[in-house]
Amino acid sequence: MSFQQFLPRAVARIAGRATALGLALSVAASTPAVADPTPAPRLTGVKVVKNTDTVSDFQQVSVACPTGSVAISGGAETASPGDVNDRIGLVGSFPEVEVNQPSARGWIANARDWAGEPITVTVRAVCALAPRGYEVVTAPHADVPSNQPSTISCPAGKTILGGGGEIQGEYTTLTKSHPSAFTSSGPTQWTVEGRNNQWSNVGVAGYAMCADPIADNQWTTYKVSKNQPSGGYLTCLNGRRVTSGGAAANAQDSALRASRPGLTGEGADRDGWWVQAGSFYEPIDVDLYVMCSTR
């Protein structure tokens with residue numbers, strides 16, 4: 001794992017430490033499969049596409065990958081005039097899965113505003129030619145208590161490329177969507193967690209994009225604790241490009257506002273993963289994750 005530089009929006013350097021996290025609770029596991037033991041080629045044909053729309057609460061915004069490619073990861077960001085505390089938050093950020101096909105053709109996101117005002121949602125898909133062993137593992141819908149993590153596992157011998165989830169029900173918020181169960185070959189699970197403001201059960205739909213291990217893919221994590229909006233920008237170094245990422249907002253009553261790829265040329269001097277979270281309770285502990293690759 002290569003050292004990564006962490007830059008917040010103001011490009012001010014803040015201290016922290018790298019950490020790899022994994023959560024053990026699993027509500028879904030895929031059918032075991034045997035991965036090819038030879039080294040997998042690096043990712044090719046990588047392109048990030050996006051779409052922005054102003055919508056009502058829980059309305060989905062989607063973006064499609066170019067013809068011939070699949071989604072290997074994705075992310076989203078939401079904004080509103082009332083962008084304070086946990087008033088706005090993402091509800092879902094997850095792959096658009098083809099019917100009866102083990103692949104994803106794009107990315108979907110939705111959000112909500114406690115005040116019921118229109119919200120702007122930007123969704124991004126990281127697309128590529130399907131790497132060796134590529135498949136999307138989908139967890140069956142499950143009702144779980146608020147703030148209980150759910151994990152989706154890759155088949156044996158495969159590792160995570162990306163993942164996502166949606167927290168279903170009234171007054172819901174996505175708080176965590178990130179890789180977990182790190183091994184020497186990379187993470188093997190994707191963790192999703194959310195809540196509602198009534199502290200009752202929420203519906204969870206989870207997804208993991210898996211493939212044979214690719215040595216060129218390098219994951220890095222970073223932890224930050226600050227007043228809201230908490231988070232920042234975890235960058236790729238040495239000319240590497242962003243290919244995946246995730247985030248976990250760990251404060252009480254927290255809400256993820258953004259967890260998405262950032263690109264050189266869009267106001268950043270390096271590729272990376274942008275994360276923001278809000279909460280009534282401060283400081284807000286946030287874990288950032290980024291996967292960078294040569295391409």
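Annotation for the stretch 136-149: at least one member residue is touching a residue at least 40 places away in the same chain (Cβ under 8 Å) and hydroxyl-bearing (Ser, Thr, Tyr).
Is there a residue being open to solvent by 30 Å² or more (accessible area, probe 1.4 Å) and free of Cβ contacts under 8 Å to residues at least 24 places away in the same chain anywhere in the stretch 101-117? Yes, the stretch 101-117 contains a residue that is open to solvent by 30 Å² or more (accessible area, probe 1.4 Å) and free of Cβ contacts under 8 Å to residues at least 24 places away in the same chain. Considering the stretch 118-142, the residues that are more than 18 Å from the chain's Cα centre (by Cα) and under 14 Å from GLY165 (Cβ atoms) include one that is least open to solvent (accessible area, probe 1.4 Å), namely ALA142. Elements of the type strands (runs of 3 or more DSSP E) sitting completely within the stretch 106-171 and holding at least 2 residues that are farther than 21 Å from LEU263 by Cβ: these cover 135-138, 142-144, 150-153, 159-168. Of all positions in the stretch 162-176, none carries a residue that is crowded, with 24+ Cβ neighbours inside 10 Å and over 21 Å from GLY89 (Cβ atoms). For the stretch 93-113, the set of residues classified as of a type in the set (Ser, Thr, Tyr) and under 28 Å from TYR171 (Cα atoms) consists of SER93 only. Of all residue pairs spaced 6 or more apart or on separate chains, those with beta-carbon atoms under 9 Å, a first member in the stretch 190-209 that is farther than 19 Å from PHE58 by Cα and a second member that is aromatic (Phe, Trp, Tyr) and open to solvent by less than 10 Å² (accessible area, probe 1.4 Å) are ALA208/TRP190; MET209/TRP190.
Whether any residue in the stretch 66-81 is closer than 23 Å to ILE152 by Cα, modelled with pLDDT under 95 and in contact with a strand residue (DSSP E or B) (Cβ under 6 Å, 6 or more places away or on another chain) is what I want to check. No - not one qualifying residue is present in the stretch 66-81. Do we find a residue being in a loop (DSSP other than H, G, I, E, B), under 29 Å from PRO155 (Cβ atoms) and of a type in the set (Asp, Glu) anywhere in the stretch 212-221? Yes, that holds for at least one residue.
Per-residue answers, yes or no, for (1) modelled with pLDDT of 95 or more; (2) touching a strand residue (DSSP E or B) at 6+ places or on another chain (Cβ under 8 Å); (3) under 20 Å from ASP143 (Cα atoms); (4) buried (at least 24 other Cβ atoms within 10 Å of the Cβ):
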residue	(1), (2), (3), (4)
ALA215	no, no, no, no
THR220	yes, yes, no, yes
SER230	no, yes, no, yes
CYS236	yes, yes, no, yes
SER244	yes, yes, no, yes
ASN250	no, yes, no, no
ASP253	no, yes, yes, no
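The values are calculated or read from the model by the stated rules, or taken from the named source; none is laboratory data. Keep in mind it's a predicted model, so treat the numbers as computed, not measured. Cβ coordinates were reconstructed from backbone atoms using ideal geometry, including for glycine residues, and neighbour counts include every protein chain displayed. Side chains included, ligands, DNA and RNA excluded: accessible areas come from the protein's heavy atoms. Shrake-Rupley method; radii C 1.70, N 1.55, O 1.52, S 1.80 Å.
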